[in-house]
Amino acid sequence: MELLAPAGSWEAFIAAIENGADAVYLGGQDYSARKSAANFTLGEISRAVEYAHLRRRKVLVTVNTLIDNSEFESALDFVAELYQQNIDAVIVQDLGLMHAIRQLFPALKIHASTQMTVHNLAGIQFLQEQGVARVVLAREMNLSEIARLGSQAQGVELEVFIHGALCYSFSGQCLFSSIVGGRSGNRGRCAQPCRMSYDLLSGQDKPEAQGYLLSPADLCLIDMLPALREAGITSLKIEGRMKRPEYVAVVTQAYREVLDLEYSDNRQVRADARKRLLKIFNRNFSTGFLQDAQTGFLSTQKPNNRGVLLGRVVSQEASFSTRIKLVDELNIGDGLEIWVARGKSPAFVVNDIQAEGRSVPSAAAGQTVEVEANGRASIGDRVFKTHDEVLLSGAAATIKENQTNKIAVDARVIMHEGMPLELMLSDERQNSARVIGQTAAQSASKHPLDTDVLRDKVGRLGNTVFWLRDLVLDSEGDLMIPFSELNELRRQAVDELIDSNLGKYSLPKLEVASFRDKKAEYLGRNYNNNRKQISVKTKLPKLSIVVSGINEAYTAIRSGADHIYLALEAIGNKTLRPGEWGELTAYAQRYNSRITPALPRVQMPGEEDDWEHLLKPLPEEMLVGNLGAIKWCRDRGIKVRTDYSLNVFNQYTLSSLLEMGVEGACLSPELSFTQLENFGPLGRCEIVIHGELIIMVSRYCMLKGVLGQSEGTCPRFCRQKEYELRDSKGYQFPIAGDDYCRFYIFNSRTLCMVDEIPRLMQLGVQSMRIEARRSKEKQVENWVSIYREVLDVIAAGKKPDLSWYEKQLAAASSSLFSKYHYHRGILDK
């Protein structure tokens, strides 16, 4: 299995390579999902590719954000630059960019980012059909599901995360940071709202739980590597492009050691590695979703590094001089934090250790020492080591170029009087170089070029990947040439040997002029195809709504909705029963309405069988929320509409979906008015104009985890009460569960665009949608009837009093209104 390490800087890249990574993933200055990392210039990427390839390592470059229309051409130019530098693969989230790369750079390998939320076989197969070589699976999959996909997916590589930070939400499905803070995770600027403190409320002001209720512990699968190999995994990925180089060094080395001893009894190696992993950074460790028992999944007490337990406070003087009984080693330079019951926890660096009345550089477990703290602590308080100076110093020593992975080189020097010197180098990989000098060799009276002198001169390879193993001199008599020429010949031979080593990684040559022509043709063709396929503007948009219950669907039909989507995951509602679908369809027809089932955005392996059982006969059309559902429907001859969870953020993604036969698409709610107005024809598009948006969807039920039921049968807390999360500013976010115990967080504000209906109509969209997945019948009736009336008034050629309608909607709303991103957008400022 490949060990894939992160690099957010050049130093982190060297740390990864020198500590055993088989491949490194990194990002450029733009289009990277870790925008706050230092990241790499094009020159640094070129340098990294050469450094890695000479050591038979790979470089994968992340272009894994959503791309705006205005950026699309420059993003393709960036990929062209990467292609010319012979990167090994590009990691992509945006469907439109993926489609364009396959068309314009057929030789470049594409890896589907975890931001694509791939979690079922059909999703993998869909991406295979688009030319994807590797799929990074959603982190929410358990081992049996991964093994199932590993045995069924043929001809595609599978990659999983094995270490580092976890997101509470499925990657690619989180709008929390975006909607609340204006910083989109889909654009590499996540503000990490899951690391904030929340109160859990259920109708009363007194919290039922408090703390970092959405903060997952860090993933650590150091003990699960054999199981992942057996499951068919190709690549093991370490998270951490925002981490310091020393972190990359320690984590990469730990996993390298365990992998190298995978088939032997490596229990002690794993134990030692785990201890180092805990010391470098941890929020507690868990196996994430890999094992069904998700014990310790959350780190509710502390959202950042907790370190390792060092000991407990024995006593403290008024001067904060603190005595600690150690359970682990302590060294000068270590960073400590004392966890106190009240107030701010003292955190400090140890500059002096007193043991048995004298100053010592270190102390062992079992000793009692005295250190100077910087705050009040109590007897019995736990002390954690958050910075291990010895570990970090050792890691820093490995972050030096050309320390490992050296290539052995043999040299042969042919030198005959009156003839130029000939130098031949051959390496252990069967690459060779031959160079001939300009100066004829002459007889030497004092300092001939013998074997020792040549070994010294030719062997000066310290700043390269090579080292001189052997040298043979083919010469007669004592001869010499200028040292300067010998040095130049060595440099030429080394350059030739480097080129020979790098040649096997070269991609087919990209003709720049031809690329520019093909790019222009592609951009124009996709825009024109989009315009052609959406040639008729809808004069009056349809009014659509998404509901979770069958009663709410009937209400929406009676209230005047043109198109009703019934969400099959049944958030906070009863599951659809056999026979009900046919009755509902017949009812909709009587009102000249359309009813379409909306497949869940998450469908773990095997769950798709449920829909064939419930939806008999299968409907003509479905709304789908994940890539696998597109293929599942197409394979059954079902027409497809895509939900906003597929992140249609540019016209090229839209065009590629329409080319695949998709009937229409709900555009990303992260698009602004300005972006929509410059999008091109939207006659087969839907936009969300009202309701509560899901801002997180998770496979982990926080209610079960924090209310004391982390093990055993789920008590269905989500069906007993209505719960909300309250943040530090007092905003309250409704939460709910579905029939699969998936967990949903809704925004604290309701989107309302009723006062901007005329401007929205100018976009020429096919449909305007109300999001009512959490709503009950009364609210559905209110929302639909008001929007129906507004549209009917406009259709009659009259001017509605939009402010009055907004007040009517507000009177029936459970939260204040917001415009979301229609005015502010998420593009980088």
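The values are calculated or read from the model by the stated rules, or taken from the named source; none is laboratory data. Note that the structure is predicted; figures quoted are calculated from it, not measured. All Cβ positions, glycine included, derive from the backbone under ideal geometry; neighbour counts span all protein chains shown. Note: areas computed on protein heavy atoms with side chains; ligands, DNA, RNA excluded. Shrake-Rupley method; radii C 1.70, N 1.55, O 1.52, S 1.80 Å.
Side notes on the structure shown:
- Just one of the numbered conditions (1) among the small types (Gly, Ala, Ser); (2) outside any loop (DSSP other than H, G, I, E, B); (3) surrounded by fewer than 20 Cβ atoms within 10 Å (Cβ to Cβ) is not true of SER177: (3).
- Test for GLN210: is it in contact with a strand residue (DSSP E or B) (Cβ under 7 Å, 6 or more places away or on another chain) and open to solvent by 30 Å² or more (accessible area, probe 1.4 Å): yes
- In the range 553-592, the residues that are in a loop (DSSP other than H, G, I, E, B) and closer than 19 Å to ALA629 by Cβ: LEU568, GLU569, ALA570, ILE571, THR575, LEU576
- The listed residue being surrounded by 15 or more Cβ atoms within 10 Å (Cβ to Cβ) and either within 28 Å of PHE285 (Cβ to Cβ) or more than 33 Å from the chain's Cα centre (by Cα) (or both), out of GLN367, GLN301: GLN367
- Matching entry among SER32, SER36 (being open to solvent by 20 Å² or more (accessible area, probe 1.4 Å), in a loop (DSSP other than H, G, I, E, B), at pLDDT below 95 and among the small types (Gly, Ala, Ser)): SER36
- Counted residues, the range 461-485 - those being under 19 Å from ASN501 (Cα atoms), open to solvent by 60 Å² or more (accessible area, probe 1.4 Å) and part of a loop (DSSP other than H, G, I, E, B): 2
- Top-ranked residue of the range 180-207 - restricted to ones that are under 17 Å from the mean Cα position of the chain (by Cα) and surrounded by fewer than 21 Cβ atoms within 10 Å (Cβ to Cβ), ranked as modelled with the highest pLDDT: ARG195
- Those strands (runs of 3 or more DSSP E) of the range 606-716 in which at least 1 residues are open to solvent by less than 10 Å² (accessible area, probe 1.4 Å), within 24 Å of ARG594 (Cα to Cα) and in contact with a Leu (Cβ under 7 Å, 6 or more places away or on another chain), considering only elements entirely within it, cover 621-624, 639-642, 664-666, 685-691.
- Only a single criterion out of (1) closer than 22 Å to MET1 by Cα; (2) in contact (Cβ under 8 Å) with a residue 24 or more places away in the chain is not satisfied by ARG283, namely (1).
- When the range 266-275 is filtered for residues that are open to solvent by less than 50 Å² (accessible area, probe 1.4 Å) and under 14 Å from VAL251 (Cβ atoms), only ALA273 remains.
- Filter result (crowded, with 16+ Cβ neighbours inside 10 Å and not in a strand (DSSP E or B)) within the range 379-405: ASP381, ASP388, GLU389, LEU391, LEU392, ALA395, THR398, ILE399, ASN402
- Test: residue in the range 78-92 that is open to solvent by 10 Å² or more (accessible area, probe 1.4 Å), among the acidic types (Asp, Glu) and under 23 Å from GLU129 (Cα atoms): yes
- Among the numbered conditions (1) within 19 Å of ALA249 (Cα to Cα); (2) in a helix (DSSP H, G or I); (3) touching a Leu at 6+ places or on another chain (Cβ under 9 Å); (4) of a type in the set (Gly, Ala, Ser), the only one that GLY20 does not meet is (2).
- Residues of the range 166-182 that turn out to be touching a helix residue (DSSP H, G or I) at 6+ places or on another chain (Cβ under 6 Å), hydroxyl-bearing (Ser, Thr, Tyr) and touching a residue at least 24 places away in the same chain (Cβ under 8 Å), as a count: 2
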